[in-house]
4 protein chains.
Amino acid sequence: MPLSAQQTAEIAAARAAEARTLRPTVPALEAMLFHAMPVLDHGFLRVIDYMGDDAAVVQAARVSYGRGTRAANEDRGLIRYLIRHRHSTPFEMCEIKYHVKLPIFVARQWIRHRTANVNEYSARYSILDKEFYIPAPEHLAAQSTVNRQGRGDILTGDEAAEVLRLLRADAGQAYDHYAWMLNEDQADPARQGLARELARMNLTLNTYTQWYWKTDLHNLFHFLSLRADPHAQYEIRAYAEAMLETVKAWVPASYEAFCDYRLGAATLSAGMLAVVRRRLAGEKVGQPESGLSKREWRELMEILGLAE
Amino acid sequence: MPLSAQQTAEIAAARAAEARTLRPTVPALEAMLFHAMPVLDHGFLRVIDYMGDDAAVVQAARVSYGRGTRAANEDRGLIRYLIRHRHSTPFEMCEIKYHVKLPIFVARQWIRHRTANVNEYSARYSILDKEFYIPAPEHLAAQSTVNRQGRGDILTGDEAAEVLRLLRADAGQAYDHYAWMLNEDQADPARQGLARELARMNLTLNTYTQWYWKTDLHNLFHFLSLRADPHAQYEIRAYAEAMLETVKAWVPASYEAFCDYRLGAATLSAGMLAVVRRRLAGEKVGQPESGLSKREWRELMEILGLAE
Amino acid sequence: MPLSAQQTAEIAAARAAEARTLRPTVPALEAMLFHAMPVLDHGFLRVIDYMGDDAAVVQAARVSYGRGTRAANEDRGLIRYLIRHRHSTPFEMCEIKYHVKLPIFVARQWIRHRTANVNEYSARYSILDKEFYIPAPEHLAAQSTVNRQGRGDILTGDEAAEVLRLLRADAGQAYDHYAWMLNEDQADPARQGLARELARMNLTLNTYTQWYWKTDLHNLFHFLSLRADPHAQYEIRAYAEAMLETVKAWVPASYEAFCDYRLGAATLSAGMLAVVRRRLAGEKVGQPESGLSKREWRELMEILGLAE
Amino acid sequence: MPLSAQQTAEIAAARAAEARTLRPTVPALEAMLFHAMPVLDHGFLRVIDYMGDDAAVVQAARVSYGRGTRAANEDRGLIRYLIRHRHSTPFEMCEIKYHVKLPIFVARQWIRHRTANVNEYSARYSILDKEFYIPAPEHLAAQSTVNRQGRGDILTGDEAAEVLRLLRADAGQAYDHYAWMLNEDQADPARQGLARELARMNLTLNTYTQWYWKTDLHNLFHFLSLRADPHAQYEIRAYAEAMLETVKAWVPASYEAFCDYRLGAATLSAGMLAVVRRRLAGEKVGQPESGLSKREWRELMEILGLAE
């Protein structure tokens, strides 16, 4: 359970303070606001604030004066057109802010997306909690034998047990020594205590940190297209999937278009397109005649759902 | 008057649609929402949406769970500390969206600030209105004789009259020919009409365009520190001053700190500081003994309010 | 001819100053350095400087110590893999700087790409030359009747002649009045002369400006994928095509991968992919049974090179 | 010693491959190219490539055709003017690329500077070396008692010894278990080995990573103004100081201006300026009459070098 009683009370207090506004408002997202969606074993994702909605995308694309009076299906059509043709700027007009609790090694992947605003909990200034990510047994995977960047079978038996034991023991011991070095509140009055900015270096990379993270809808879509992808590391994908739920509630028309034209889409190279055209024209073309490398051929067959 | 009856009605309709929200809300800014603040002769600035408030800056700086319960003056103190020490990321957690109508030559200065989101009215796709910026007589300035980048005395008499006549005549004629080339709705059925993306090149740079422009509070402060400065061109400063009013209503504590530590502040170089220290120690130090160039000395005297 | 004798001499002088360097160097691009490639009627594009080459992409992807000793075809394979799988950061390790002379309305499209560095010639500080873009007769197109954002047939006869006459006359007159208002060097000693920052507003949007523009290879590819596209406006596409030549000389392996996987590629939505799969399986599926809108169907047929 | 024999050989090979170029070249930086400057106990900083020099700043500011023929002191004056008046875009025209080996907790501070290009060694794909940062005794500081974000006295005696022992032991043990879990090359044929992307989470934050990092001179100056500052954490300041040496060799005039107007400068708020003016006018003004908070007063006295 990632929240303390005090944190739960603070969230409840925030949810109790309703106000009136003239701004675009999305009831389905309001219902989610501030609540912590659990992710991994101790992490969470909370929506803290948002700006805009589907209509705001349309309004910006049209540079219009009011909120528009067109039929909803006309707006939906425009949104689909904008996504399909990579007109990204109208989607930059919507903004969302999350509070996320996540393991440091996930934070390090995440921060590579630079077009966002971040305020991370400072271990230079404050003390981190004793919480680490330990994979659930079903996520404890071996190194892939075909992909240097992926996972293979799930570990089982003694090996799994020993890995879990080591992860727990090392993180716990490193944290305990971190706390000892800090000597907070002069627990041992004979010692000065190491500076926080130094002591933190003893923590393991599965220690949880947290941050406020804010981005616009276009950049969020880019993040999600990479991190909600099956090739993404499971631990960051878990956060991406929680974000997808919030986006679905927030901007349903944009979300639908994103699923159709980005998440579920595939890009075919010039060479791949040529193969598809020849096949549709009835020609029997295999990898040797295709001009594609074996790897690219395999990728094409996967896209086309063919087992060749 | 920059708005048509239809536009005014659309704005009134938008202001009539109130909703309930759990998000941070700022009544003083809600009162301004959607209204067009006139700027220059035909331009305006409207706040379309906003995210966050002073408390959101504090909340992000503390990465806290709720909206906080500290005393207001403690929050104010933190905000002043953050601005003074250039901790910029908490201010990135507030976002504001404007709809702006502005002359193209102002838009070209403005767009140099790249850390913002923009959707401009497309003259490739639509037709611009016949509206140009013509300076008011009190802004019709001569080239500065001391600063290659500034203005000098106000033009008067025949010269002023002729300049205004030429600005009006050329813009009007260029626009009329633009409309003729477009031949919209086959006004002349014998002509095809030039493509919009080409015809627009005939317009003058004082023609009004409009855009949606969205940025975060940190980048807005950077924009304002450059564009609300007395050295900025008057025409963009007029927009910056309208924005300052919206910021004051939106985040009063951050605004106050910004005025004290950025707008009203001055940066003293190592050499300037040395002069101030020597003077405070009672030494009589003039430009020749200062190690400063004449230009830098003049800048220092200006900062210190001394006429030497 | 876009260059004065003095400018040509300056370029020749720059090309005469050879030096020795340990940095990655690309002879094919060195041969182009500083030379002005003519674009449109008075514009040009010049490569001013560059950093990195194909091997630098590979070196960054591998975070390696030296320049690498692998076989060239291994490097080529890695580059193709990186582009295909949208690993963009290694391409950000190459940088190129251009000097471009271009009409203002093209500059306004161009500047929408924000991830670049720009220094534009300042009309606040200096005086622009009397040079305007006038389309060649074969580029003087009518508005498209099917695409609100495109061009249709070429204008001919009296209409074409009159359009060209108006473009020339209005730009020339606006410029002459600009010069009159400036009253540079007190041409008329009785007048003060209007401030440069004001006088420039009288210029038309086809007036030429110039800038230094610098970006990394990843962002350049993004720019080129949008602006070298047949749907881009011809006038900016002309610059994109000149840039493509420089990229081909600079990073031939990256260029080839970019052509195969981006320029010549097509993205198929989930719905489009379903149609292709059904067709390949022998099913007769037309638009009504496809689940695609008519517009999307048309786009699919175009991608597949089918006339249905 | 941070480099293996093979890495040293690769660097020597890279330094042996000289070429001719027409690009701006800086001999003093060429002399440093590729060499590893040691930082901390196992880290380093190497310049991999650069674009531009002091003259390139001037050339971009003037949007000129050649390399310029003005007197060197005129260029120096322009550079000083540009820095003093925060004209940042000409400095964006110079670019530098570093290869850095650094502890992960330093990398996490560093990456907060988003306007840069980064390729980090991937522990998802590869295996990290067994190298950790252990502070030298003179950097093993206690938590500051006055600044929650700073360091106090140096730890000594048993406390220091025990802290160092723990840092070494925990990092070593965590790494050994990391290697055990990886089971690389099937060291134990009975085990599958944990996926690299999971095993890495067991490492401590003082483990060394490495990356290629590239930025422009303006953003580098911003980085250095924050990270070469005495308030920055020592471990990142050590890298900033190595970078300052490279900048001094690369762009000496820009470096000098940066030292005078940024590194050695101080910003005085409106209230601070008022105090200085009153004091210079002979008034005896102390904190109570100053209108400044005690904290701000203390900061002002520090700036003025006064002990009040």
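Which condition from (1) out of contact with any Lys or Arg (no Cβ under 7 Å at 6 or more places or on another chain); (2) under 24 Å from D:L45 (Cα atoms) is the one that D:M301 breaks? Looking at each condition in turn, D:M301 falls short on (2). Only one of the numbered conditions (1) out of contact with any Leu (no Cβ under 8 Å at 6 or more places or on another chain); (2) part of a helix (DSSP H, G or I); (3) not hydrophobic (A, V, I, L, M, F, W, C) is violated by B:R108, and that is (1). Under the condition of being within 8 Å of chain D (Cβ to nearest Cβ) and under 34 Å from the mean Cα position of the chain (by Cα), the residues counted in the range B:273-292 number 2. Test C:Q143 against the stated conditions and say whether it is outside the structural domain of C:R295 (by TED's automatic domain parsing), modelled with pLDDT of 95 or more, polar (S, T, N, Q) and closer than 28 Å to B:P103 by Cβ. In short, no.
Checking each residue in the range A:150-177 for being in contact (Cβ under 8 Å) with a residue 12 or more places away in the chain and closer than 18 Å to D:R124 by Cα picks out A:G150, A:R151, A:D153, A:I154, A:L155, A:V163, A:L167. Of the strands (runs of 3 or more DSSP E) lying entirely inside the range A:7-64, the ones with 1 or more residues being under 20 Å from the mean Cα position of the chain (by Cα) and surrounded by 20 or more Cβ atoms within 10 Å (Cβ to Cβ) are found at A:37-39, A:43-51.
Of all residues in the range C:69-99, count the ones that are over 27 Å from D:A13 (Cα atoms) and either part of a loop (DSSP other than H, G, I, E, B) or in contact with a helix residue (DSSP H, G or I) (Cβ under 7 Å, 6 or more places away or on another chain) (or both). Here the count works out to 7. Out of curiosity, is A:R76 more than 20 Å from the chain's Cα centre (by Cα), away from chain B (no Cβ under 14 Å) and surrounded by fewer than 20 Cβ atoms within 10 Å (Cβ to Cβ)? So A:R76 fits the description; yes. The set of residues in the range C:57-92 that are at pLDDT below 90 and aromatic (F, W, Y) contains only C:Y65. Taken over the range A:200-219, the criterion of being over 17 Å from A:E120 (Cβ atoms), touching a helix residue (DSSP H, G or I) at 6+ places or on another chain (Cβ under 7 Å) and not acidic (D, E) is satisfied by A:N202, A:T204, A:L217, A:H218.
Going by what's in this entry, would D:D54 be described as under 29 Å from B:H231 (Cα atoms), at pLDDT 95 or above and more than 9 Å from chain C (Cβ to nearest Cβ)? Taking the combined requirement at face value, the residue satisfies it.
Filtering the range A:252-272 to residues that are more than 7 Å from chain C (Cβ to nearest Cβ), over 19 Å from the mean Cα position of the chain (by Cα) and closer than 24 Å to C:Y81 by Cβ leaves only A:M272. Return the residues of the range D:194-230 that are more than 26 Å from D:L3 (Cα to Cα) and not hydrophobic (A, V, I, L, M, F, W, C); say none if nothing qualifies. Of everything in the range D:194-230, those that are more than 26 Å from D:L3 (Cα to Cα) and not hydrophobic (A, V, I, L, M, F, W, C) turn out to be D:D216, D:H218, D:N219, D:H222, D:S225, D:D229, D:P230. Restrict the check to the range B:250-260 and report whether at least one residue is out of contact with any Phe, Trp or Tyr (no Cβ under 8 Å at 6 or more places or on another chain), aliphatic (A, V, I, L, M) and surrounded by fewer than 18 Cβ atoms within 10 Å (Cβ to Cβ). Checking the range B:250-260: not a single residue is out of contact with any Phe, Trp or Tyr (no Cβ under 8 Å at 6 or more places or on another chain), aliphatic (A, V, I, L, M) and surrounded by fewer than 18 Cβ atoms within 10 Å (Cβ to Cβ).
For B:Y212, the stated conditions hold: it is touching a His at 6+ places or on another chain (Cβ under 7 Å) and crowded, with 22+ Cβ neighbours inside 10 Å. Taking the criterion of being within 15 Å of C:E245 (Cβ to Cβ) and of a type outside the set (D, E, K, R), the residues of the range C:23-33 that qualify are C:V26, C:A28, C:L29, C:A31, C:M32, C:L33.
Selection of the range A:193-219 for residues being without any contact (Cβ under 8 Å) to a residue 60 or more places away in the chain and on the phi < 0 side of the Ramachandran plot yields A:L194, A:A195, A:L198, A:A199, A:M201, A:N202.
For B:E92, the conditions (1) surrounded by 20 or more Cβ atoms within 10 Å (Cβ to Cβ); (2) in contact with a Phe, Trp or Tyr (Cβ under 6 Å, 6 or more places away or on another chain) all hold with the exception of (2).
Summed over the range B:98-133, the residues that are in contact with an Asp or Glu (Cβ under 7 Å, 6 or more places away or on another chain) and under 22 Å from A:L82 (Cα atoms) give a count of 3. Residues in the range C:220-246 that are under 20 Å from C:M93 (Cβ atoms), in contact with a Phe, Trp or Tyr (Cβ under 9 Å, 6 or more places away or on another chain) and in contact (Cβ under 8 Å) with a residue 60 or more places away in the chain: C:L220, C:F221, C:F223, C:M243, C:T246. Filter the range A:264-300 down to the residues that are assigned to a loop (DSSP other than H, G, I, E, B), in contact (Cβ under 8 Å) with a residue 12 or more places away in the chain and at negative phi and list them by number. If the condition is that a residue be assigned to a loop (DSSP other than H, G, I, E, B), in contact (Cβ under 8 Å) with a residue 12 or more places away in the chain and at negative phi, then A:S269, A:G286, A:L292 are the ones that fit. If you go through the range B:100-128 and keep only what is away from chain A (no Cβ under 11 Å) and either aromatic (F, W, Y) or more than 20 Å from C:V106 (Cα to Cα) (or both), you end up with B:F105, B:W110. Given the condition within 29 Å of A:G152 (Cβ to Cβ), among the aliphatic types (A, V, I, L, M), modelled with pLDDT of 95 or more and surrounded by 20 or more Cβ atoms within 10 Å (Cβ to Cβ), answer yes or no: does some residue in the range A:189-205 qualify? Yes; the residues of the range A:189-205 include at least one that is within 29 Å of A:G152 (Cβ to Cβ), among the aliphatic types (A, V, I, L, M), modelled with pLDDT of 95 or more and surrounded by 20 or more Cβ atoms within 10 Å (Cβ to Cβ).
The values are calculated or read from the model by the stated rules, or taken from the named source; none is laboratory data. Treat the numbers as computed from the prediction; the structure is a model and nothing was measured. Cβ sites come from the backbone with ideal geometry, for glycine too, and all protein chains shown count toward neighbours.
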